[in-house]
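My questions will all concern the structure given below.
Every number in this text was worked out from the coordinates using simple rules, so none of it is lab data. This one's a predicted model, so the numbers in the text were calculated from it and none came from an experiment. Reconstructed Cβ throughout: ideal geometry from the backbone, glycine too, with neighbour counts over all protein chains shown.
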Amino acid sequence: MEKLKSWIVDPPPLKPSANIPSGNATVGEKLFKARCAQCHPIQKNGKNSMHGPNLYGVYGRLAGSSPGYTYSPYTYNLGVNWDDTYLYLFLENPKKYVYGTKCGFSGFPKEKDRSSVVEYLKKMKDDNN
């Protein structure tokens, strides 16, 4: 299957060497619970919800690869591993950075909030627990 164009700007405007502000995982956890948890579970061996995939272990994982969740073709074919840069970009405004995403979240406009959620997601994987 031909790879679908996913990023509105290809490549994304923020490079991996960009200066992403340092985040606070404790603040990120609170933000995640307040703004993301209604659609995304984040438990080890947890199931996906009908609205979004389980995000436990999302950091470092290939986009569109959570077993058992049906992604949009754009997310499924994105071809990136969720790292600091891609998560940071996606969390600013999911629909802006991944055309056709099912994610209806409007994003975190504040840089510090985005970087804090990224720090929390980095903690929520097997090699950090």
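Cα gyration tensor of segment 25-128, axes a ≥ b ≥ c as square roots of the eigenvalues: rounded (a/c below 1.5), prolate (a/b > b/c) or oblate?
Note, shape of segment 25-128 comes out rounded.
Could the peptides 51-60, 21-30, 36-45 be put in order, highest first, of the mean number of other beta-carbon atoms found within 10 Å of their residues?
On the way: 51-60: 19.7, 21-30: 16.4, 36-45: 14.7.
Descending mean neighbour count gives 51-60, 21-30, 36-45.
May I pose another question? Please list, by residue number, every one of the chymotrypsin sites (Phe, Trp or Tyr not before Pro) in segment 86-129 that is coil in DSSP and has at most 15 other beta-carbon atoms within 10 Å.
Sparse-neighbourhood loop chymotrypsin sites (Phe, Trp or Tyr not before Pro): 99.
Going through the cross-link list 44/96; 33/95; 33/110, which pairs have a Cα-Cα distance over 26 Å in this structure?
As for pairs spanning more than 26 Å Cα to Cα, those are 44/96.
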